[in-house]
Amino acid sequence: MSDFRNRPKDQYINEANWQELYVLTEHWKSDLLFYKDDLKFLHELIEKYLMWISKKENLDLVKEIEISLLVVDKQCTSLLERTTKHLHHLTELIENPFAYDSHKFRTEHGILEDNLSRFVKDFRKNRKEIFGITEYIIDGEKLVRQYTDLVD
């Protein structure tokens, strides 16, 4: 899956009824909660291997990836808050069609979807980098430890 979009392109946002948009937005929220848990796992993975790192260049790599992970984590938190607010607006529209400007809501929905799509791409890139760096560091540190064990 190369994109986060769960809807057909064209005029879907303008033509979908409120219930369809609500279901779609609930899926977004569920996915974001999953990503939030996965981000927690990635933070724990980095912390777990941080204590075993002996090379300064590896420490620098980990610090750099941790900073980028924090940026993605903040992005996820912000999107989760915005999605929750968006669901609230949608609930108001379902209960009272005049409670919120429908055109403004549909514009907000499209922008939120584009932001979610960008987040997923950033998240996947970051996750791939974390696993790549983790593998590189583990392999590099094993070689240093094995050599040290042989010399001792």
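Brief remarks on what is shown
- Convex hull volume per residue for the range 55-152, taking Cα atoms only, in Å³: 91 Å³
- Checking the cross-link pairs K63/K121; K29/K85; K40/K128 against a 18 Å limit on the alpha carbon distance flags K63/K121 as lying beyond it.
Every number here is computed from the coordinates shown, using simple stated rules; none is lab data. In this text the structure is predicted, and so the values were computed from the model without any measurement.
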